[in-house]
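The values are calculated or read from the model by the stated rules, or taken from the named source; none is laboratory data. Small disclaimer: the values here were computed from a predicted structure and weren't measured. Counting neighbours? That spans all protein chains shown, and the Cβs are built from the backbone with ideal geometry, glycine included.
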Amino acid sequence: MKGLLQKDFRLMVKQSSFFSTIGFVAVIFASVVKDTSFIISYLTFIGFMFTLSTINYDEFDNGNAFLFSLPITRRGYVMEKYGFGLIMGGVCWLFGTLIALISGQVRGTNSIQDTLGIALVFFPVMLLILEMMIPFQLKFGGEKGRIAAIVMAGIVFIVFLGAAKIAETMHVDLNGLLNRLETMDERVLGVLVAAVSVAGLLLSGRISVSIMEKKEF
């Protein structure tokens, strides 16, 4: 897995001009946009989605056939992609949070507590997107994978919308449930969100390993 990480980081270095541009744009946004929370989600999303670019790079010109002729297991390959995604997403998330904190303090638009709270909300949301995208990317490839992921996101949205309608029909107080979440102890809520994120990561990883083990190159 160490070799795969080195490969992907070397690929990232080759894209240094792209990341420099992204960082510059983020700084410009932070200086002109009042809501700096956008910066956090924007950079975190870019960091996570770069993992999908490395998968496309591996698949280009039947590269996987050569890659798996090396002493690399398919399970190890999947683990490396999730690990690389967490590293990239985490670094970009920290960078975005730092920019938002500095901008909020200099311009007096957001308090430190508000910015950190928003950052802690965005990370698991972006992680959920990564957890959904990697299996589709491995299964269908670049363009088809993105289309399939969008379709799945639409299905999930419809399911949640349908569940909300059913709850309304059954006179379930959804507002009351949301109010309970808002009044829940922050530490308990944080542990709950972390547990859901880890569970989603494990499930997504298991699905991805199953997909890779069945693929033929």
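What the table shows:
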item: Test: residue in segment 119-130 that is more than 19 Å from MET12 (Cβ to Cβ), over 14 Å from the mean Cα position of the chain (by Cα) and modelled with pLDDT of 80 or more; result: no
item: Close pairs from segment 63-75: first in contact (Cβ under 8 Å) with a residue 24 or more places away in the chain and assigned to a helix (DSSP H, G or I), partner surrounded by 15 or more Cβ atoms within 10 Å (Cβ to Cβ) and not acidic (Asp, Glu), Cβ under 8 Å, at least 6 apart; result: ARG74/PHE68; ARG74/VAL209; ARG74/MET212; ARG75/VAL209; ARG75/MET212
item: Of residues in segment 30-46 being without any contact (Cβ under 8 Å) to a residue 60 or more places away in the chain and in contact with a helix residue (DSSP H, G or I) (Cβ under 6 Å, 6 or more places away or on another chain), the one farthest from VAL78 (Cα to Cα); result: LEU43
item: Which listed residue is part of a helix (DSSP H, G or I), more than 18 Å from GLY205 (Cα to Cα) and under 20 Å from the mean Cα position of the chain (by Cα), from THR51, THR44; result: THR44
item: Single match in ALA26, ALA30 (criterion: under 24 Å from VAL106 (Cβ atoms), in contact with a Lys or Arg (Cβ under 9 Å, 6 or more places away or on another chain), among the aliphatic types (A, V, I, L, M) and assigned to a helix (DSSP H, G or I)); result: ALA30
